[in-house]
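Novice: This is the structure I have questions about; it appears just below.
The values are calculated or read from the model by the stated rules, or taken from the named source; none is laboratory data. This is a predicted model, so every value here is computed, not measured. Ideal geometry is used to build each Cβ from the backbone, glycine not excepted, and the neighbour counts take in all protein chains shown. Quick note on the areas: whole protein, heavy atoms, side chains included, nothing else; ligands and nucleic acids left out. Shrake-Rupley method; radii C 1.70, N 1.55, O 1.52, S 1.80 Å.
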Amino acid sequence: MTNDFDAIPRERLPELLRRMPKAELHLHIEGSLEPELIFALSARNRVALAYPSVEALRAAYAFTDLQSFLDIYYAGASVLLKPQDFEDMAMAYFAKAAAENVRHAELFFDPQTHTDRGVPFGTVIDGLTRAVQRARDELGVSAALIMCFLRHLSEEAAFATLEQALPYRDRIVGVGLDSGERGNPPEKFARVFARCRELGLHLVAHAGEEGPPAYIAAALDVLKVERIDHGVRCVEDPALVQRLVREQVPLTVCPLSNVKLCVFGTLAQHNLKALLDAGLKATVNSDDPAYFGGYVNQNYLETFEAVPALTARDAYVLARNSFEASFAGEADKRRWIAELDAVFAG
Ligand code: HPA
Ligand code: ZN
């Protein structure tokens, strides 16, 4: 790249942020379930909800921490019963992603949230797989599925989930670790991640969102993950930051989520700029967009607006990082980065 980023005026940033091709690497598909679709599925499947209206449900989206969000997020997912429900949910996300110039999305899904309610694993994966195929064919969006283990449950339960996933091994690009971080360190899942590694699955884990920097180190050393989801608390340990820079471990940062879950008081206080300036391989993502006030472009736009130090070069680097950190093929990555270069050159 020979671009003169410094010549790009700040006024052009919103347009560039929207238009630049990007990948989304930290998106819980159940967290894209909008209140309107929750109510539509509740009627279609005759599942009662604890909230009388879309407005009442949306009004409940005032979170104090991760757990207060998870309680409502698992309740929202209770309306998903049939393959069509999972397909409709994911297609609604893909339509938004396509409109926001997302070229590639790696979707987290939480099978245990569904299998524990009696929804078969096959129902979940069939609906999501169909949406992944339609995203490619109808919208030109490349997509892959990452199965997450719920860390508040046991490793034995994670093994049982892996067992159910094995017949569908080729439909899953990797595994992750989500749900309540505090008190559920990566070490708890050492054996199941080792097994997933033997199976050739890509590995990622949430760490350093609410949990301490030691959880980030354990995710790398014990689970052997390739990316850290969130990771923003790494800055509390300078030696860990040095290591993450040296090894260029991607961090999938989710600014609006961090503010909604009170990891940072305001977006202006978010450390995204500090992470980039330290040389960390940060990316921007939406986490649970239906709950946290915006999809990926809203995350870019609001963060760049709130943090004036973020530049056009930072925008380019974030988008480039998103492709480089993805599990897509090298030819696809090269094509998307060439497209990104053209947007910043033009
Ligand atoms: N953190 C942990 N678990 C989750 C999240 C999150 O942000 N979203 C959905 N499950
Ligand atoms: Zn997450």
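Novice: Suppose we filter the range 187-220 for residues that are touching a strand residue (DSSP E or B) at 6+ places or on another chain (Cβ under 7 Å), in a helix (DSSP H, G or I) and surrounded by fewer than 20 Cβ atoms within 10 Å (Cβ to Cβ); how many remain?
Specialist: Counting residues in the range 187-220 that are touching a strand residue (DSSP E or B) at 6+ places or on another chain (Cβ under 7 Å), in a helix (DSSP H, G or I) and surrounded by fewer than 20 Cβ atoms within 10 Å (Cβ to Cβ) gives 1.
Novice: Of all residues in the range 29-47 being within 16 Å of ligand 1 (Cβ to nearest atom) and open to solvent by less than 10 Å² (accessible area, probe 1.4 Å), which is nearest to residue 226 (Cα to Cα)?
Specialist: So, considering only residues that are within 16 Å of ligand 1 (Cβ to nearest atom) and open to solvent by less than 10 Å² (accessible area, probe 1.4 Å), the one nearest to residue 226 (Cα to Cα) is 29.
Novice: Is it the case, given these coordinates, that residue 233 is buried (at least 20 other Cβ atoms within 10 Å of the Cβ), touching a helix residue (DSSP H, G or I) at 6+ places or on another chain (Cβ under 6 Å), farther than 22 Å from residue 313 by Cβ and not aromatic (Phe, Trp, Tyr)?
Specialist: Against the criterion (buried (at least 20 other Cβ atoms within 10 Å of the Cβ), touching a helix residue (DSSP H, G or I) at 6+ places or on another chain (Cβ under 6 Å), farther than 22 Å from residue 313 by Cβ and not aromatic (Phe, Trp, Tyr)), residue 233 qualifies.
Novice: Let me ask another. For the condition more than 24 Å from residue 255 (Cα to Cα) and at pLDDT 95 or above, what is the one hit in 94, 39?
Specialist: Being more than 24 Å from residue 255 (Cα to Cα) and at pLDDT 95 or above holds for just one of 94, 39, which is 39.
Novice: Further, regarding this structure: Looking at (1) more than 16 Å from ligand 1 (Cβ to nearest atom); (2) out of contact with any Phe, Trp or Tyr (no Cβ under 6 Å at 6 or more places or on another chain); (3) part of a helix (DSSP H, G or I), find the lone condition where residue 74 falls short.
Specialist: (1)
Novice: Identify all residues within the range 110-124 that are surrounded by fewer than 24 Cβ atoms within 10 Å (Cβ to Cβ) and of a type in the set (A, V, I, L, M, F, W, C); write none if there are none.
Specialist: Scanning the range 110-124 gives 119, 121.
Novice: Hey, can you tell me all the residues within the range 1-28 that are in contact with a Pro (Cβ under 9 Å, 6 or more places away or on another chain) and open to solvent by 50 Å² or more (accessible area, probe 1.4 Å)?
Specialist: Correct list: 10 only.
So that you can scan it fast, the table gives a plain yes or no per residue for (1) aromatic (Phe, Trp, Tyr); (2) more than 16 Å from ligand 1 (Cβ to nearest atom); (3) without any contact (Cβ under 8 Å) to a residue 12 or more places away in the chain:
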site: 210; (1), (2), (3): no, no, no
site: 222; (1), (2), (3): no, yes, no
site: 237; (1), (2), (3): no, yes, no
site: 242; (1), (2), (3): no, yes, yes
site: 260; (1), (2), (3): no, no, no
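Novice: When you scan the range 77-110, how many residues do you find that are touching a Gly at 6+ places or on another chain (Cβ under 6 Å) and more than 16 Å from ligand 2 (Cβ to nearest atom)?
Specialist: 3
Novice: Considering only the range 161-186, how many residues are surrounded by 14 or more Cβ atoms within 10 Å (Cβ to Cβ) and either in a helix (DSSP H, G or I) or within 16 Å of ligand 2 (Cβ to nearest atom) (or both)?
Specialist: 17
Novice: Could I ask something else about it? Could you say which residue among 97, 135 is touching a residue at least 60 places away in the same chain (Cβ under 8 Å) and more than 16 Å from ligand 1 (Cβ to nearest atom)?
Specialist: Only one candidate passes the filter, namely 97.
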